[in-house]
Structure formats: structure tokens, C-alpha cells
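Undergrad: So that we are looking at the same thing, I have put the structure below in C-alpha cells.
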Amino acid sequence: MERLHYSYSDRKRVDAFLRRRKRYGFCPLDLEPFADLIEIQEDQLFSAINHNSHHLLHPLLPPPSVASQNYELRHRIHNRSLPDRAGHLSDANFISRMIYKDKY
């Protein structure tokens with residue numbers, strides 16, 4: 001899935017920068033690609049928002065789904081209801097992207 005908040009050329013520039021840092025010994029050789037680093041950090045942030053009701057961004061989450069409250073469903077990343085998709089602008093929103101991530 002292409003990230004909406006930074007362009008392909010931006011990602012390539014950061015990857016090239018990280019490769020140079022590895023070559024000169026400023027980064028560990030097993031450092032993951034930039035896109036993977038971003039995904040890991042986004043997952044950690046979303047988990048912190050979802051599990052901490054006092055987090056500043058917690059009120060922006062949609063309410064828990066009715067099904068998750070009434071049924072024993074398979075484990076999911078979150079128990080939130082899926083709001084209607086409002087368009088391209090809402091797809092770029094961090095909370096919306098994380099709610100719809102891996103929604104199969």
C-alpha cells in the first residue's frame with residue numbers, strides 16, 4: 001500500500017540517505033528500510049492511542065463496534081467500528097489509515 005503522507009521520491013531519498021549512513025558505519029547494517037521503520041512506529045503509536053484512554057488522540061478514535069462487545073470474535077488489531085470512508089482526504093488521516101489497515 002502506497003503511503004499517502006509522503007511521496008515515492010521522498011521515500012527513495014531517505015532510503016538512499018540510510019544506505020549511505022550504513023556504508024559509512026553510522027547505522028547498523030541490518031537497519032530496516034524506511035517504509036518498514038515508518039510502519040513499525042505507526043503501529044506502536046496506534047496501539048498506544050487505542051490502549052490508553054487518557055492519550056490525547058484517543059477521543060479521535062471511532063467507538064468500539066457492537067459486534068466486538070457482544071460476540072467472541074477472532075483477535076484483531078482493534079475493536080473499533082469502521083466509519084464510512086469519506087474520500088481521499090480522510091484516507092490520508094492517520095487514524096483512518098490505521099483503522100482500515102489490514103481490514104480483511
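Derivation of every value follows stated rules applied to the coordinates shown; laboratory data play no part. Quick caveat, the model's predicted, so the values are computed rather than measured. Here the Cβ positions follow ideal geometry from the backbone for every residue, glycine too, while neighbour counts run over all protein chains shown.
Undergrad: Where does each of ASP30, ASP15 land when they are ranked from fewest to most other beta-carbon atoms within 10 angstrom? Each step should come with its number before you reach the end.
TA: On the way: ASP30 6, ASP15 13.
In order of increasing Cβ crowding within 10 Å: ASP30, ASP15.
Undergrad: Quick one: length gained pulling ARG11 to GLN41 fully straight, 0.36 nm per residue minus the C-alpha distance?
TA: Extending this stretch completely gives an extra 9.3 nm.
Undergrad: Which ordering of ARG13, ARG23, ARG80 is given by a fewest-first count of other beta-carbon atoms within 10 Å?
TA: Fewest-to-most ranking of ARG13, ARG23, ARG80: ARG23, ARG13, ARG80.
Undergrad: Between SER53 and ARG19, what FRET efficiency comes out of the Förster formula 1/(1 + (r/R0)^6) with R0 = 41 Å and r the beta carbon distance, rounded to 0.05? Show your work: numbers first, answer last.
TA: Details: r = 41 Å, r/R0 = 1.00.
Using R0 = 41 Å, I get an efficiency of 0.50.
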